[in-house]
Amino acid sequence: MSQFPLETIRHSAAHVMAAAVKRLFPGVLFDIGPSVDNGFYYDFDMEHRLVPEDLGRIEDEMRRIVIEKSPFERKVLSRDEARRLLEADGQKYKVERLADVPDGEEISFYECAGFSDLCRGPHVGHTGQIGVFKLLSIAGSYYRGKDENPMLQRIYGVCFHDKKALDAHLRLIEEAKKRDHRKLGKELGLFSVSESVGPGLIIWHPKGARIRNTIETFWRERHYRNGYELIYTPHIGLSNLWQTSGHLDFYRSAMYAPMKIDENQYFIKPMNCPFHIQVYKSDIRSYRDLPLRWAELGTVYRYEKGGVLHGLLRVRGFTQDDAHIFCTPDQIEGEIEKVLRFSLDIWRIFQFKEIKAYIATKPKDSVGEESRWSQATESLKKAVASVGIECHSDEGGGAFYGPKIDLKVLDALGREWQMSTIQFDFNLPERFDMSFIGADGQKHRPYMVHRALFGSLERFFGILVEHYAGSFPLWLAPEQIRILPITEKLHQQAIGTMERLRSEGLIAECDLRSEKLGAKIRDARNARIPYIAVLGDKEVESGTLSVRTRKEGEIGQIAPDALMAKMKKEIESKE
């Protein structure tokens, strides 16, 4: 096992891969090759169009380089020497990257196996120390991430200290493929994206809409319980609104083209905040009115490049579970703690048990008084400490308009997702000249907090599909029980049972197809239905159903009333 940190061996593996590509495809141009979570990648510009079959060839060449134990040799050059070296080799991307190195910073190159790279390092001692690796995929990547630049070819790989760790990760990748929400969404009939409608725009099918409705109903009930009021706002707003909010100055590239109505320019909304502020400004506010907590399931539209769209996780139209809190400085600490406890409660109900908090602090460029930044940041830290979850600091990672807490959750596969955000905003209250009348009879500026629990319903739903592998708990399942009559003569009896279950609020269906019972059971299992009830002559005679559950297996014959009581208890507990 290599004694070097994983980040070091992964970055070194990227160099070994680049050396292998150089041997196999002379004339290749190189961009960057960093380490990333679990692996590495490198971006190439070459005439040969890479195909999956090339990965095996490149891996074989990498193994030959590993056997060579070629040393990683570090050289420090002057800026002029480095430029001449790169220009002589025709490495135009590296010449541009050289310009990114700040004046006064040491310019170093690492060379191994005939490949020299502009790089800070560090690296392993020689190529034989890079651990075990596997090349996974090929993707396109615009140079510097800008679509007006050339499209490069990117190779992704993973690297670990030993084969056991690599094999475990590859198994995780295979499990993730099985849980892919795009695959399961199609198989289970939950949602789709249509070329006729447009990429990044989600069409919710009946079963997906059932689950979404359950989530939204739960969301509304919990918000009322936690002291929020719900509001609804338009999908478009006058250009002046977005000018005042600053979106036209700072967010224009993510907004769609304006539309002209009655000689006025309107924009479809990318965010809900300016509308919530209009509710606040619709009346004179006193300190006695605060805090005000307003929430909305508000659908917004943001421009995303086609190359980054990804199922439900990256879309162009989505519904934010948005909320804004307006309060006095004295109230802010208690409000943040309430939001945090509310968030944790929600995540644990959806069976996300490992949750971390990241506090993003003041960046170099910011707005707002220093005293407000200090109080807000301290309030965030105290709130996290009060609920006792793991906390990390993201120094300088706050937005220019305020510090924030990001909550990240681990799913069933141990993958980390950034979800809930609690964000201070010192910018919009100033821009919209918001105020409240204090106990002294004078105007004061309120504190404003943006807060999203799920982030967006679309992204949350996609993560949820993968977390549960499509096997939703009973309270969320779009079909909770399916009744399977054994013979056609029992169809009416099955329909009557289904209607009785439905009258009690359960989501029940009948399978009346002329298929064998085994096929019906298999199809119900593949549909991941929590309860399956078989109805035959024996069950009719005894007034029962033969029930099997996804969780417990066969539970035998049970009377409909007892079955309904059992299901309702499970739904209520949200297990």
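No lab work stands behind these numbers, since they all come straight from the coordinates. These numbers were taken from a predicted model, which means no experiment stands behind them. Every residue, glycine as well, gets a Cβ built from its backbone with ideal geometry; the counts of neighbours run over all protein chains shown.
The phi-based Karplus calculation (6.51 cos²θ - 1.76 cosθ + 1.60; θ = phi - 60°) puts the 3J(HN,Hα) values of segment 317-329 at x, 8, 9, 7, 8, 8, 8, 9, 10, 10, 8, 8, x Hz, whole numbers, x for Gly and Pro. Annotation: amide H-H contacts under 5 Å for residue 391 (H modelled 1.01 Å from N, sequence separation of 5 or more, or interchain): 357.
Computed over neighbours whose Cβ is under 14 Å from that of residue 391, the net charge equals -2, Lys and Arg +1, Asp and Glu -1. Starting from the Cα of residue 192, step 7 Å along the direction of its Cβ; do the same at residue 138; then give the gap between the two resulting points in nm. Rounded to a tenth, the inter-label distance reads 3.1 nm. At an R0 of 22 angstrom, the distance between the Cβ atoms of residue 108 and residue 308 translates into a FRET efficiency of 0.10. Rounded to the nearest 0.05, what FRET efficiency is calculated for residue 330 and residue 224 with R0 set to 25 Å and r the Cβ-Cβ distance? Rounded to the nearest 0.05, the efficiency is 0.50. Please work out the C-alpha center-to-center distance from segment 481-503 to segment 391-414 and express it in whole Å. Segment 481-503 and segment 391-414 have Cα centres separated by 50 Å. Site pair residue 572 and residue 365 shows an inter-label distance of 5.7 nm when each label is modelled 7 Å from Cα along Cα→Cβ.
For residue 566, a cut-off of 21 angstrom between C-alpha atoms picks up these lysines, skipping any fewer than 8 places away in its own chain: 551, 574. For residue 573, what charge total do you get from the other residues with a beta carbon under 14 Å from its beta carbon, if Lys and Arg give +1 and Asp and Glu give -1? Surrounding charge for residue 573 is +3. Calculate for the chain the 222 nm mean residue ellipticity that helices alone would give, adding -39,500 (n - 2.57) per DSSP H run of length 4 or more and normalising by residue count, nearest 500 deg cm²/dmol. After summing the helix terms and dividing by the residues of the chain, the value is -11500 deg cm²/dmol.
Within a straight-line Cα-Cα reach of under 20 Å, residue 281 can be paired with the following lysines, leaving aside sequence neighbours fewer than 8 residues apart in one chain: 269, 443. Coupling constants for segment 396-401 follow from the phi torsions by the Karplus curve (6.51 cos²θ - 1.76 cosθ + 1.60, θ = phi - 60°), and in residue order they are x, x, x, 6, 5, 9 Hz; glycine and proline get x.
May I ask for the net charge around residue 509, where only other residues with Cβ less than 10 Å from the Cβ of residue 509 are counted and Lys, Arg are +1 while Asp, Glu are -1? Charge balance near residue 509 sits at 0.
For segment 6-177, the relative contact order is 29 percent, taking Cα pairs closer than 8 Å that sit 6 or more residues apart in sequence and dividing their mean separation by the residue count.
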